[in-house]
Amino acid sequence: QKADINGNDFSRMTVVSVTESYETTRAITACVVTLLLLCVLGSLFLERFNNAYWFSNTAILAIALGFTASLPFCKHPDHVVYETFDTTLFLYLMPPILFESGYGLNHKDFFRNIIAILMLAFVGTTISCITIGGGLFALASYGLVKQVNNTDPREALMFGSVMAATDSVATLGVLGSLNVEPQLYNLVFGESVLNDPMAIVLFETFKSGMVEDSRSLVHMLGNFQSILWGSVVLGIVYGLASAFVTKHNEFHANPRPAMEVAIVLCVAYLSYMSSDAAGFSGLMTIFVCGGIMSHYTRYNLSVDGRHTVHNVVRTLSYLSETFVFLYFGFTILPTITPCGVPDAGQSRYKLDWGFVGWTFLLCLAGRAAAVFPLSALLNAFKCSERAKRNRISPKSMVVIWYSGLRGAVSFALALNMEPLTPNARYLLPCAVLIVLVTNFTIGQTTAALLYLLGVETRPGRPRGGGSTSGP
């Protein structure tokens, strides 16, 4: 047996260390599973009270439970460890969410409004990102804010891409339960599905510009094109590969649901990993892969396999998104207050209310600059009598603009900024507060807005769509 100079047994020390690590991990896992179960049961209970003026949202319940669970740990100096969670978030939690967004697309409704959806998602997200990031950089240049770099716009634009990612879960739940006109629902749903991958590509572009220290606009545009199209092509390749494999295994004649699920999930995750390793956006790739699979691979599966894959994918996405919001609730106190730090001046994060106010106003302005001009442009090209009937009404424009609350993707990208800039101590609390405020205000006042605008609703016949609020 090996021992140190004091006679301590190394083998015994190792066993004790491993045992303590196992017990800690077991306790944390039990707490997480318990909170997830409470979220599911709580959502089922609150759904009974859904009506035209109230819509229960799993995200809000998860945030509240995560916040409550964080209270006993507030005095602990290591209340939140972002470094380890950042890897877990992007390797294991975000891929199922983005894959389900692609796999759960309703192709008929999606392609019926494809031009408007693509304009709002791709061009609109870019406009919103530039408005927020450019606005913050201009304010920093004039000395009105000091929380972003005032000599290099890349940091502000990267944060702009973080805040340009929208999450319309609560709004879609209300629109679906009130059965609004199909065009409005499909535009909000389609734009929300494509907005996240686009915001992630923009984030990766500005991130690579900061890492490579590239100040050339042409170089950054080249990075954007390579990341976007490289991610899309890889997603298509993996999606078609899964279709080829499933087609030649004749699952219709010999159903094997377990193997069918394994093929779909493994190919999807490989698409994410290979894209990320190649320097592209793995999340955009797995989203595109999911869309291709839903159009081709799905119909090569047996009936049982099709239903099993659908339910497994939705469940994984639901649990992942719920866990992200639980963790978000757990991080509220240590990011917006000097929780667990004896000296507030030494706090790891610092909340500046002025900076939060400017950012929130720019989020509203960026969303408006994207929705209203693009909708008016789309309407201008609808000249025939039939096309005029499908123009986006001013009321629908307001609802689309209002639906841009921030969610899991914004929080995930904000966490990813921490190792990139020292100003993350200001940017992360700002992102956390805006996600919190928009989910608790916009998400719960959508029904009232529909009533004030006089938008036609037909309660009682809920509309189906993608999985946005759970299985």
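Observations
- Flag for Arg406 being out of contact with any strand residue (DSSP E or B) (no Cβ under 7 Å at 6 or more places or on another chain) and under 24 Å from Leu374 (Cα atoms): yes
- Selection of the stretch 300-312 for residues being open to solvent by 10 Å² or more (accessible area, probe 1.4 Å) and not charged (D, E, K, R) yields Asn300, Val303, His307, Thr308, His310, Asn311, Val312.
- Here is the figure for the stretch 100-123: residues that are more than 15 Å from Pro197 (Cα to Cα), in a helix (DSSP H, G or I) and either over 20 Å from the mean Cα position of the chain (by Cα) or of a type outside the set (A, V, I, L, M, F, W, C) (or both) total 8.
Residue-by-condition table, conditions (1) of a type in the set (Gly, Ala, Ser); (2) open to solvent by less than 10 Å² (accessible area, probe 1.4 Å):
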site	(1), (2)
Gly239	yes, yes
Phe244	no, no
Ala253	yes, no
Met273	no, no
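- Among the candidates Ala431, Ala370, Ala448, Ala387, the residue that is open to solvent by less than 30 Å² (accessible area, probe 1.4 Å), modelled with pLDDT under 85 and over 30 Å from Val312 (Cα atoms) is uniquely Ala387.
Results for (1) assigned to a helix (DSSP H, G or I); (2) of a type in the set (S, T, N, Q); (3) closer than 24 Å to Leu202 by Cβ, shown as yes or no for each residue.
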site	(1), (2), (3)
Leu364	yes, no, yes
Leu374	yes, no, yes
Leu377	yes, no, yes
Lys382	no, no, no
Ile392	no, no, no
Leu405	no, no, yes
Ala412	yes, no, yes
Leu415	yes, no, yes
Arg425	yes, no, yes
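- All told, Ala414 falls short of being farther than 25 Å from Arg348 by Cα and in contact (Cβ under 8 Å) with a residue 60 or more places away in the chain.
- Out of Gly134, Gly160, sole residue that is small (Gly, Ala, Ser) and open to solvent by 10 Å² or more (accessible area, probe 1.4 Å): Gly134
- Yes/no for Asn51 being at pLDDT below 65 and closer than 30 Å to Thr446 by Cβ: yes
- Just one residue in the set Thr297, Thr315 is surrounded by 15 or more Cβ atoms within 10 Å (Cβ to Cβ) and more than 13 Å from Glu100 (Cβ to Cβ); that residue is Thr297.
For every residue, the table says whether it meets (1) modelled with pLDDT of 90 or more; (2) touching a Gly at 6+ places or on another chain (Cβ under 6 Å); (3) of a type in the set (A, V, I, L, M).
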residue: Lys2; (1), (2), (3): no, no, no
residue: Ile5; (1), (2), (3): no, no, yes
residue: Phe10; (1), (2), (3): no, no, no
residue: Glu23; (1), (2), (3): no, no, no
residue: Thr29; (1), (2), (3): no, no, no
residue: Val32; (1), (2), (3): no, no, yes
residue: Leu37; (1), (2), (3): yes, no, yes
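- Among the residues of the stretch 281-335, the one identified as over 26 Å from Glu204 (Cβ atoms) and of a type in the set (Asp, Glu) is Asp304.
- Hits in the stretch 271-297 (condition: closer than 18 Å to Leu228 by Cα and among the hydrophobic types (A, V, I, L, M, F, W, C)): Met273, Ala277, Ala278, Phe280, Leu283, Met284, Ile286, Phe287, Val288, Cys289, Ile292
- If the condition is being in a helix (DSSP H, G or I) and open to solvent by 10 Å² or more (accessible area, probe 1.4 Å), then the stretch 256-271 contributes Pro257, Ala258, Met259, Val261, Ala262, Ile263, Leu265, Cys266, Val267, Tyr269, Leu270.
- Every condition in (1) touching a Ser or Thr at 6+ places or on another chain (Cβ under 6 Å); (2) farther than 30 Å from Ile336 by Cβ; (3) at pLDDT 90 or above is met by Ile392 except one, and the failing one is (3).
- Residues considered: Phe224, Phe280, Phe206. Of these, the only one that is hydrophobic (A, V, I, L, M, F, W, C), touching a Leu at 6+ places or on another chain (Cβ under 8 Å), surrounded by 16 or more Cβ atoms within 10 Å (Cβ to Cβ) and assigned to a loop (DSSP other than H, G, I, E, B) is Phe280.
The values are calculated or read from the model by the stated rules, or taken from the named source; none is laboratory data. This structure is a prediction, so every number in the text was calculated from the model and none was measured. Cβ sites come from the backbone with ideal geometry, for glycine too, and all protein chains shown count toward neighbours. With ligands, DNA and RNA removed, areas are computed over all heavy atoms of the protein, side chains included. Shrake-Rupley method; radii C 1.70, N 1.55, O 1.52, S 1.80 Å.
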